[in-house]
Amino acid sequence: MTTTAWIVDLADVPLTAAVSRLRGLLASAQRPDLGDDLQRADVVFVWTDRALTSNEASALTTAGRRLVLVGPSLDALSRHPTGQALVDSTGLLLAGRTPLHDIRIRAGRDATNGLRPTGHSHAHADHIGQHEHARDTVLLIDKVVDDVQVLRTAKVGLAEHPVLTWRPMTGVAVWTLGTTSSAVATSETARMFAALLDLMTGTPEPEPVRVGLLGYGAIGHEHSRAIRAVHGLELTAVCDVSADRLAAAEHAVPGIATTHSAEALLNRDDVDLVIVSTPPDTHADWALRAIAAGKHVVVEKPFAIRTSEADQVLTAAASAGRLAVVYQNRRYDPDFLAIRRLLDQRAIGDVFHIETFVGGYGHPCNLWHSDESVSGGVFYDWGSHLIDQILQLIPTPIASVTAAALKLRWFDVTNADHSRTTIRFVDGVEAEFVHSDIAAVLKPRWYILGTEGSIVGHWRTEKTVGRNDIGTLVEDILAPTDSSPRIELHAMDGSITQVATPDATPYGFHRELADMLRYGLPMSVTGEQSRRVLAVMEAASESAANEGRPEVLR
C-alpha cells in the first residue's frame, strides 16, 4: 500500500480544488494521504507555483525520497536556488512554456501498458494513433538525459516534448501538465497517477480483468466492442442459449470460449467479472449466483424488479468484497453531460421543475421489453435511464412519487401504452418523466425551469441518404432516440443560446470499470444509486396501481 504526502500551494483556486478532488480519489483507491507528513510518505507530490522553503527543499532531497513534481512546480523550482537540486534530479533541461491550448497527449517511448493513453482512436486516421485531450500548457524541454523514462509526450510543432517522465536513479517523476483545473479533473488523470505510483514503488501492473458475458443479445456487441477497446479488460467467455448469437460472438472475437451453460460460465477460473444481460426478472438471481461463484458483477438495467432483490445483491457483494453495479450507460450521453455542466455552473439559477419525455406513436416491440411480467412494466425500461439522470441532477431526498399508466391501443403486449412518473423532492423541486407509445407529437426531450432561465432539449429526426444497387434514392430515418437532442439555454431577457454538447467519452463506463477493479478508483456509477432508481420505479408502479396515490420509497 503506497502512502502519499503533498505540498500544494497554488494561487489558482479552481486548480487547488481539482487537486483536492484528485487527492481524494487516490486516497479512496488505497493510496492513503498522509497530508504534509513528508518523512513517513512513500511518495511526495509537489504541486506549487512558488519557491520551496529551505526546510521543504531539505526534506525533499533526502536520499531515497520519491517525488512527483506536478504542474507549475518545475517552473517555480527552477527560478529559485532552493529548488535547483530538485530540477537537476529530474534529468530535464527546460526551455520555456507554450500558451494555453488544446493538447494531444500520446504514449512516450518508454510507456508501459498502465501508462499508455487509452483515449480517442480515430477511424480512417490510424497514423494519428490513440491520444487524450487536455487544455493546458506544454513545458518545452530542450534535453532529456539518457536514464529518464519518457512515459507520455505532447507535440509542439514537429518536436515531441515529454509531459510525464520517471527517473528511477533519482526517484523523481514529473508531470509537466496540471496547470489548469480541466486537465486535472479527469478520470484519466487519476488512473495515470495510480499507475505511476505503482511504477514508482515497484508494484506490478494489475492483471487484466477477465470478463464473461452472460447473455449475448442486442447489447452483447456493445459490451464486446468496449471490452476489446479498453485497456485492462479482456473478454474470455460468452454464454447464450442461441447458437446464432454465440456464432456472432465468435465472429467478433475469434477463438472466444462459448457455452450454452450459465453454470459453466460462472465456474470458469478465467472469468473475474460477469456481465448479466438476461431478462430483468432474472437479473438478481444471476447476480447472486455470480457473486457466490466469486465474481464481480455488472447487471444490465434495470437492477432488478424489486428493491428487496437489489438489497440482496448489494448485501452479498459487500460481504464477499465484490463489485455489483448496473450498466447506466446513459450517464455518458452528450445531452445529459451538457445539462449537468449547465446546472453545475448555475446557468439557470435554482432548478425547481424538470420534465423529460421519450416516445412516439408506434407499436412497441414484441420481445420481453414489452412483457410486464418479465420487464417489470412500462416504468422500468426507459425509466431506468431517465429517472437515473433526473436523480443525478437533483440529489436531494425524495418526498413522494406519484404515477399513472394507461392501456389504450396496443393490446397484444402487456406493458402500458402511456405512463407518467412524478417525483417530488423534499425541497419542493418536482420532476416528471413521460413515456408514451401513443404520442403522435413529441414533447421536448428536456424541459427544465430555473429561477434565472430555462433549458430545453429538442428531439432531432436525422436520416441517412444513399442509393440502392440500381441507383434509386434510399433514405433511412433514425428514431429520435438515436440522435443526441439539440440543447437550448433560454435567458430571462428572452435570448436563446444553442449549447454545445461535449464529445461522448468512448466506453466511459467500461473504462471506469477497469480503473475500479485494477486500481481501486471509485466509479461515478454505483449500485446504491441504481437501487434508488429502482425504488422510484417500484413506487411508480404501486402508485399507478392505486389510482395515483403518493408513495414513499422503500
statement: Answer in debye to the nearest 20: the dipole magnitude of segment 209-327 about its Cα centre, from +1 Lys/Arg and -1 Asp/Glu charges placed on Cβ, is 200
message: Distances longer than 47 Å among the Cα atoms of the chain: what percent of all pairs is that?
response: 20
field: Net charge dipole size for segment 4-200 [Lys, Arg +1 and Asp, Glu -1 on Cβ; Debye, nearest 20]
entry: 180
For segment 89-95, Karplus couplings with θ = phi - 60° (6.51, -1.76, 1.60), whole Hz, Gly/Pro x: 5, 6, x, 10, 10, 7, 9
field: the chain - mean residue ellipticity at 222 nm from DSSP helices (-39,500 (n - 2.57) per run, n ≥ 4, rounded to 500)
entry: -8500 deg cm²/dmol
Cross-link pairs beyond the 29 Å C-alpha cut-off, checked among LYS407/LYS443; LYS407/LYS463; LYS443/LYS463: LYS407/LYS463
statement: Nearest 10, in degrees from 0 to 90: the angle of helix 13-28 to the longest Cα principal axis of the chain is 80
field: Simple Cβ-charge dipole of the chain, Lys/Arg +1 and Asp/Glu -1, about Cα centre, in debye nearest 20
entry: 840
- prompt: Nearest 10 degrees, 0 to 90: what angle lies between the long axis of helix 307-320 and the longest principal axis of the chain (Cα atoms)?
  reply: 30
query: Among VAL8, PHE303, ASN55, whose Cα sits farthest toward the positive end of the charge dipole of the chain (+1 at Cβ of Lys/Arg, -1 at Cβ of Asp/Glu, about the Cα centre)?
result: ASN55
message: I'd like to know which of THR179, THR259, THR189 lies farthest towards the positive end of the charge dipole of segment 143-260, counting +1 on Cβ of Lys and Arg and -1 on Cβ of Asp and Glu.
response: THR179
statement: Subtracting the Cα-Cα distance of GLN84 and ARG346 from 0.36 nm times their residue separation yields 89.9 nm
Computed E for LEU100/ALA479 - FRET, C-beta separation, R0 41 angstrom, nearest 0.05: 0.50
- request: Treating the Cα atoms of segment 4-200 as identical point scatterers in vacuum, please give the log10 of the normalised Debye intensity I(q)/I(0) at q = 0.11 Å⁻¹, two decimals.
  value: -0.45
statement: When ASP142, ASP381, ASP269, ASP88 are arranged by how many other beta-carbons sit within 10 Å of their Cβ, fewest first, they go ASP269, ASP142, ASP88, ASP381
message: Give me, ordered by chain and number, the residues 5 or more places off HIS161 or on other chains with an amide H under 5 Å from its own placed amide H.
response: ALA154, LYS155, VAL156
query: So between VAL13 and GLU547, what do we pick up on full extension, going 0.36 nm a residue minus the alpha carbon distance?
result: 187.0 nm
- prompt: When the Kirkwood radius is taken over all Cα pairs of segment 405-554, what Stokes-Einstein diffusion coefficient follows at 37 °C and 0.692 mPa s, in µm²/s?
  reply: 166
task: Please give the helix 334-344 orientation as an angle from the longest Cα principal axis of the chain, in degrees from 0 to 90, rounded to the nearest 10.
output: 70
statement: If ILE387, ILE394, ILE305 are placed from fewest to most neighbouring beta carbons inside 10 Å, the sequence is ILE394, ILE305, ILE387
- request: Putting +1 on Lys and Arg Cβ atoms and -1 on Asp and Glu Cβ atoms, find which of THR90, MET200, GLY362 reaches farthest to the positive end of the dipole of the chain.
  value: THR90
field: Karplus 3J(HN,Hα) series, Hz, for segment 198-210 with 6.51 cos²θ - 1.76 cosθ + 1.60 (x for Gly, Pro)
entry: 5, 4, 5, 9, x, 7, x, 4, x, 5, x, 7, 8
Neighbour-count order for LYS301, LYS155, fewest beta carbons within 10 angstrom listed first: LYS155, LYS301
field: FRET efficiency, THR201 to ALA318 (Cβ-Cβ, R0 25 Å, nearest 0.05)
entry: 0.30
message: Cross-link candidates for LYS155: which lysines have Cα within less than 27 Å, leaving aside residues fewer than 8 places away along the same chain?
response: LYS143
query: How much FRET efficiency would the formula 1/(1 + (r/R0)^6) give for LEU93 and ASP270, where r is the Cβ-Cβ distance and R0 is 41 Å, rounded to 0.05?
result: 0.30
- request: Would you kindly derive the ³J(HN,Hα) couplings of segment 549-554 from the backbone phi angles with the Karplus curve 6.51 cos²θ - 1.76 cosθ + 1.60 (θ = phi - 60°), listing them in order in whole Hz, with x for Gly and Pro?
  value: 5, x, 10, 9, 6, 7
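Every read-out reported here was derived from the displayed coordinates using simple, explicitly stated rules and does not represent laboratory data. The shown structure was predicted, so the numbers you read here are calculated from the model rather than taken from an experiment. All Cβ positions, glycine included, derive from the backbone under ideal geometry; neighbour counts span all protein chains shown.
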